[in-house]
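J.: Supplied in structure tokens, the structure appears directly below.
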Amino acid sequence: MKKIALGVCSSISLYKACEIIRLFQEEGFSVRVIMTEKATRFINPYLFTSLTGERTIVHLFDEQQRPIEHISLVDEVSLLLVAPATANIIGKLASGVADDFLSTFYLAVKCPVLIAPAMNEAMFLHPQTQENIRKLKNLGVEFVEPESGYLACGKKGPGRLASPEKIVQKSLRLVRSKEIFKNKVILITAGPTREFLDPVRYLSNPSSGKMGYELAREAYELGAEVILISGPVDLEPPAEVYVEKVITAEEMRQAVLKHYARADVVVMAAAVADFKFSQSLPDKVKKEKIGPSLTIEKTPDILQELGASKSQQLLVGFAAETSQVTDRAFQKMKQKNLDLMVANDVSRPETGFGSDDNEVWLLWPDGRSKKIPRMSKRKISQQIFSEIEVLLNERQRNS
Ligand code: CTP
């Protein structure tokens, strides 16, 4: 099991460290907490000991501690995350002061270091703090920028600890990045599209976008540059992912084509609406004026167009089926010139549109197939990307 060292400093926001620990544990990581002496004024170290199952470290010299633990722990951890980090610890780390366990440990670690600052906005914006941050960045230390908002001191501005989700996602990118994904551009589409008759009526489907957003998060954590083209969904985009929001199939097509030439991998997870109204009106139409039938026409098939003009891109499609799932998905894969197809049965409520889980078949153009049993969309996205990794490695070997 991989281990994270979590430095916790004296900020009101240290309660968020509990959520950070839980998110790491959900991802299969163990956490060892190192508190500064001043942080223990806010909360008893036993809180973190209970949460992590490992004794929280505070002092350099502690009878209960293994001798020179700051050195032995170095070999056990994959990342040193300091969250929340005060102006004081940032200053100490920037100038090499090593007068407590956390600052001594920083000088001893060889793993990546990530700092999530949290402080009053004037302290954060002070040229000295900014200079310290720049210094650390130049030394290769990574930062999660604080958010703007109401601070504990009553002021408003930058200085609020970033969300635990954002901090953990960036941490995982530092720990999980793979060489093959570095410098790769991965274009992912997600969610439904909407085709409007007038401003209040549209054709669409029940896609929630969860699968596409999980794929974007996975690609980000593996170290890629991610471009997410998203239809209208109610989801928080993954941290540091470039997002373009679109509404209609035509808008999605334009956005995808704009980035296609640069893309190494395209994953079309979006449930693009297949039809649009032949006429889309700017004003709400009175229902009496709408006859018994409306004329519809096909939207552009984006993936088909990408397949027809494919060069270096690895194309991954999704097939939403309700019967003869693999047969139909194989046909679509051939027709759209794909390198990998993910087929799912959307008629099943526990794994269909909007659900948290999925169960899919992975299909390859050479006729191979593999069933991925029901699991969370997060885990499914990891399985899909481990197959994309195999394909990218094959390409690299053959080039
Ligand atoms: N797709 C697309 N543009 C469309 C429709 C679908 O790019 N106008 C993409 C989807 O994002 C998906 C794949 O094509 O990756 C298959 O989509 P699916 O809805 O399963 O199949 P369709 O090609 O639309 O065919 P049908 O609806 O007849 O099953």
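Nothing in this text is a laboratory measurement; each read-out follows from the coordinates by a stated rule. This is a predicted model, so every value here is computed, not measured. When we count neighbours, we look across all protein chains shown, and the Cβ atoms used for this are built from the backbone with ideal geometry, even at glycine.
J.: Ordered by residue, what ³J(HN,Hα) values in Hz, to whole numbers, does region 265-278 give under the Karplus form 6.51 cos²θ - 1.76 cosθ + 1.60, where θ = phi - 60° and Gly and Pro are x?
T.: Each residue's phi maps through the Karplus curve to give 9, 10, 10, 8, 8, 5, 9, 5, 4, 7, 10, 9, 6, 4 Hz.
J.: So what is the relative contact order of the chain, in percent, for Cα pairs below 8 Å that sit 6 or more residues apart?
T.: Value for the chain: 11 percent.
J.: Starting from the Cα gyration tensor of region 310-399, take the square roots of the eigenvalues, sort them a ≥ b ≥ c, and report rounded, prolate or oblate (rounded when a/c is under 1.5, otherwise prolate if a/b is larger than b/c, else oblate).
T.: Cα axes put region 310-399 in the oblate bin.
J.: What list of ³J(HN,Hα) values in whole Hz, one per residue of region 335-343 in order, does the Karplus curve 6.51 cos²θ - 1.76 cosθ + 1.60 (θ = phi - 60°) give from phi, with Gly and Pro shown as x?
T.: With coefficients 6.51, -1.76 and 1.60, one gets 4, 9, 6, 9, 9, 7, 10, 10, 9 Hz.
J.: Cross-link partners among lysines for Lys284, C-alpha distance below 30 Å, same-chain residues fewer than 8 apart left out?
T.: Lys245, Lys276, Lys298
J.: Roughly how big is the chain's charge dipole about its Cα centre, with Cβ charges of +1 (Lys, Arg) and -1 (Asp, Glu), in debye to the nearest 20?
T.: 380 debye
J.: Mind listing which trypsin sites (Lys or Arg not before Pro) in region 110-180 are in a DSSP loop and have 13 or fewer other Cβ atoms within 10 Å?
T.: Lys110, Lys155
J.: In addition: Hey, got a sec? Which GluC sites (Glu not before Pro) in region 286-368 land in a DSSP loop and have at most 11 other Cβ atoms within 10 Å?
T.: In loop regions of region 286-368 (DSSP not H, G, I, E or B), the sparsely surrounded GluC sites (Glu not before Pro) are Glu350.
J.: Using the Cα centre of region 3-175 as the reference point, and only Cβ charges (+1 on K/R, -1 on D/E), how large is the resulting charge dipole? Debye, rounded to the nearest 20.
T.: That gives a dipole near 420 debye.
J.: May I ask which of Lys166/Lys332; Lys184/Lys210; Lys137/Lys258; Lys210/Lys370; Lys3/Lys370; Lys16/Lys178 have a Cα-Cα span longer than 25 Å here?
T.: Lys166/Lys332; Lys137/Lys258; Lys3/Lys370; Lys16/Lys178
J.: Quick one: what does P(r) look like for region 178-398 with 10 Å bins over all Cα pairs, in whole %?
T.: 8, 34, 37, 15, 5, 1, 0
J.: Sticking with this one: Once phi is turned into θ = phi - 60°, what whole-Hz ³J(HN,Hα) does the Karplus curve with 6.51, -1.76 and 1.60 give for every residue of region 109-126, x standing for Gly and Pro?
T.: Couplings: 6, 10, 7, x, 10, 10, 10, 10, x, 8, 6, 4, 5, 5, 5, 5, 7, 4 Hz.
J.: For the chain, what does -39500 (n - 2.57) per DSSP helix run (n ≥ 4), summed and divided by total residues, give at 222 nm, in deg cm²/dmol to the nearest 500?
T.: -10000 deg cm²/dmol
J.: While we're here: List every residue whose amide H lies under 5 Å from the amide H of Phe42, counting only residues 5 or more places away in sequence or on a different chain, with H placed 1.01 Å from N in the peptide plane.
T.: Here the answer is none, since no amide H 5 or more places off falls under 5 Å of that of Phe42.
J.: Give me the aspartates and glutamates in straight-line cross-link reach of Lys289: C-alpha distance below 14 Å, same-chain residues under 8 apart excluded.
T.: Asp198
J.: Another one. Any idea how far the Cα center of region 226-265 sits from the one of region 281-305, in Å?
T.: Region 226-265 and region 281-305 have Cα centres separated by 24 Å.
J.: Give the long-range amide H neighbours of Ile296: residues separated by 5 or more places, or on another chain, with amide H under 5 Å away, using H modelled in the peptide plane at 1.01 Å from N.
T.: Ser278
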